[in-house]
1. Looking at A147, A167, A127, which one is farther than 21 Å from E44 by Cα, in the same structural domain as Y209 (by TED's automatic domain parsing) and touching a Phe, Trp or Tyr at 6+ places or on another chain (Cβ under 7 Å)?
2. E184 is checked against (1) within 17 Å of the chain's Cα centre (by Cα); (2) exposed (fewer than 14 other Cβ atoms within 10 Å of the Cβ); (3) under 24 Å from E226 (Cα atoms) and fails just one. What number does that condition carry?
3. Counting just the residues of the stretch 193-217 that are outside any loop (DSSP other than H, G, I, E, B) and of a type in the set (K, R), which one comes out nearest to Y236 (Cα to Cα)?
4. Answer yes or no as to whether E184 is out of contact with any strand residue (DSSP E or B) (no Cβ under 8 Å at 6 or more places or on another chain) and not assigned by TED's automatic domain parsing to the domain that holds K204.
5. Here are some conditions: (1) surrounded by fewer than 13 Cβ atoms within 10 Å (Cβ to Cβ); (2) touching a residue at least 12 places away in the same chain (Cβ under 8 Å); (3) within 28 Å of Q230 (Cβ to Cβ); (4) among the acidic types (D, E). D37 meets all but one. Which one does it not meet?
6. Among L143, L174, L190, which is under 28 Å from V93 (Cα atoms), of a type in the set (A, V, I, L, M) and outside any loop (DSSP other than H, G, I, E, B)?
7. Which one is farthest from W142 (Cα to Cα) among residues in the stretch 16-72 that are in a helix (DSSP H, G or I) and of a type in the set (S, T, N, Q)?
8. Looking at A71, is it over 26 Å from D5 (Cβ atoms), surrounded by fewer than 19 Cβ atoms within 10 Å (Cβ to Cβ), among the hydrophobic types (A, V, I, L, M, F, W, C) and not assigned by TED's automatic domain parsing to the domain that holds A198?
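The values are calculated or read from the model by the stated rules, or taken from the named source; none is laboratory data. What you see is a predicted model, and the numbers here were worked out from it, not measured in a lab. With ideal geometry, Cβ positions are generated from the backbone for all residues, glycine too; neighbour counts draw on all protein chains shown.
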Amino acid sequence: MVGVDTTSQHPESLKSLPSIGYQRQLSAEGVLSLKPDVLIGTEEMGPAAVLLQIRGAGVPVEMFSAQADLASLEGTLQHLGRLLGDEAQAAQVFKDYQQQLEEHQQQVKAAQASHQAPGVLLLLGHAGGKPMIAGKDTAADWLLTQAGGHNLATHSGYKPFSVEALAGLNPEVLVFADRSLTGEAARKALMKENPVLASIRAAKNGRVYELDPTLLVGGLGPRLPERLKQLTAEFYPAVPVSQ
């Protein structure tokens, strides 16, 4: 590894590597200055003209699916296995990952046998301002559903937050992901910029939870199974969930 983009923050050791900028706004000069043997990223990587320049300079560009589903993850790992010369290890990684998800789904089913799935919304924003509501066909929707929540948003993709939509849906649980702030600072900014949130059930009952936004980038990642367990525990506080 000679460099990473700004969304590649885990494991911690990656933060010591040179940054090539945001994955959608790469510069050919920045990438080529690191003299990589290959550039690896997802289909979200760009711009296309820059990738063409990089290929023209003799650096192969390998692009993987960013879809949040097991079939895409399996394809990505198989591709990486061939690329790095260790297909057996890639197959084992996928098998272990799939097993973790299957075991977790058994816990979710057990929780839902005695408790109704909570209505949930996920807001993705920047310093609390102009949050977007995560709908269907998103990594956020996959995460909420796998954790045992019922995503109240019925649209596809991400749509701007509106007071009317929020009032009508009134989620039991609110999950938020902020691209620039974390912890209590992120929570305070969200509530300050969107005061209507204080009136929903989730806020009144103390069921507003933070999510690392990098978990929503690039498809299914290695940290998702652990965060799924935490979300399920937050969705079903009366049900024991093994960590």
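1. Working: A167 fails: touching a Phe, Trp or Tyr at 6+ places or on another chain (Cβ under 7 Å); A127 fails: touching a Phe, Trp or Tyr at 6+ places or on another chain (Cβ under 7 Å).
None of the others qualify; the one that does is A147.
2. Only one criterion in (1) within 17 Å of the chain's Cα centre (by Cα); (2) exposed (fewer than 14 other Cβ atoms within 10 Å of the Cβ); (3) under 24 Å from E226 (Cα atoms) is unmet by E184, namely (1).
3. Within the stretch 193-217, the match that is nearest to Y236 (Cα to Cα) is R201.
4. Values: out of contact with any strand residue (DSSP E or B) (no Cβ under 8 Å at 6 or more places or on another chain): yes; not assigned by TED's automatic domain parsing to the domain that holds K204: no.
When the stated conditions are applied, E184 does not pass them.
5. Every condition holds for D37 apart from (3).
6. Values: L174 fails: under 28 Å from V93 (Cα atoms); L190 fails: under 28 Å from V93 (Cα atoms).
Sole residue among the options that is under 28 Å from V93 (Cα atoms), of a type in the set (A, V, I, L, M) and outside any loop (DSSP other than H, G, I, E, B): L143.
7. The first filter runs over the stretch 16-72 and keeps only residues in a helix (DSSP H, G or I), leaving 16, 23-25, 28-32, 48-56, 70-72.
Then keep just the ones that are of a type in the set (S, T, N, Q); that gives 16, 23, 25, 53, 72.
Working: S16: 31, Q23: 22, Q25: 26, Q53: 35, S72: 13 Å.
Looking at residues that are in a helix (DSSP H, G or I) and of a type in the set (S, T, N, Q), I get Q53.
8. Working: over 26 Å from D5 (Cβ atoms): no; surrounded by fewer than 19 Cβ atoms within 10 Å (Cβ to Cβ): yes; among the hydrophobic types (A, V, I, L, M, F, W, C): yes; not assigned by TED's automatic domain parsing to the domain that holds A198: yes.
When the stated conditions are applied, A71 does not pass them.
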